[in-house]
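As structure tokens, the structure follows; a few thoughts come after it.
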Amino acid sequence: DGVAQGGGIKCKLCTKALKKMQALAGDDPDEAAVVAALKKGCKALGRAKGRLCQQLVNKYQDQITEGLQNGDMPRNICTAIGICRS
């Protein structure tokens, strides 16, 4: 279903969503800031992509939260959770 493809739609969506969330969470975010950014970040993508984004967040929230708090690059987080190919 395109999850493992390097340039797949889900990979692009994941990277785009996490960039948005990273911007919303700000520098050196705490967990509450990241959780709030996860919610807002998906809404910012519109309804259809937002729904996919929300599924992604629900499934990988811990990894995404940890990655954002560590200041990891969005693409690296998406690769780490298996959505993008490295």
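The values are calculated or read from the model by the stated rules, or taken from the named source; none is laboratory data. These figures come from a predicted structure and were not determined experimentally. So basically every Cβ, Gly included, is an ideal-geometry build from the backbone, and we count neighbours across all protein chains shown. Side chains included, ligands, DNA and RNA excluded: accessible areas come from the protein's heavy atoms. Shrake-Rupley method; radii C 1.70, N 1.55, O 1.52, S 1.80 Å.
For the reader, a short list of remarks on this structure follows.
- Candidate set: region 73-86, residues that are in a loop (DSSP other than H, G, I, E, B) and under 11 Å from the mean Cα position of the chain (by Cα); chosen: the one surrounded by the most Cβ atoms within 10 Å (Cβ to Cβ): ILE83
- Residue, modelled with the highest pLDDT, within region 1-35, restricted to residues that are open to solvent by less than 90 Å² (accessible area, probe 1.4 Å), outside any helix (DSSP H, G or I) and over 17 Å from GLU66 (Cα atoms): GLY8
- Residues satisfying the stated conditions in region 38-66, i.e. in a helix (DSSP H, G or I), open to solvent by less than 70 Å² (accessible area, probe 1.4 Å) and either basic (Lys, Arg) or over 13 Å from ILE77 (Cβ atoms) (or both): CYS42, GLY50, LEU52, CYS53, GLN54
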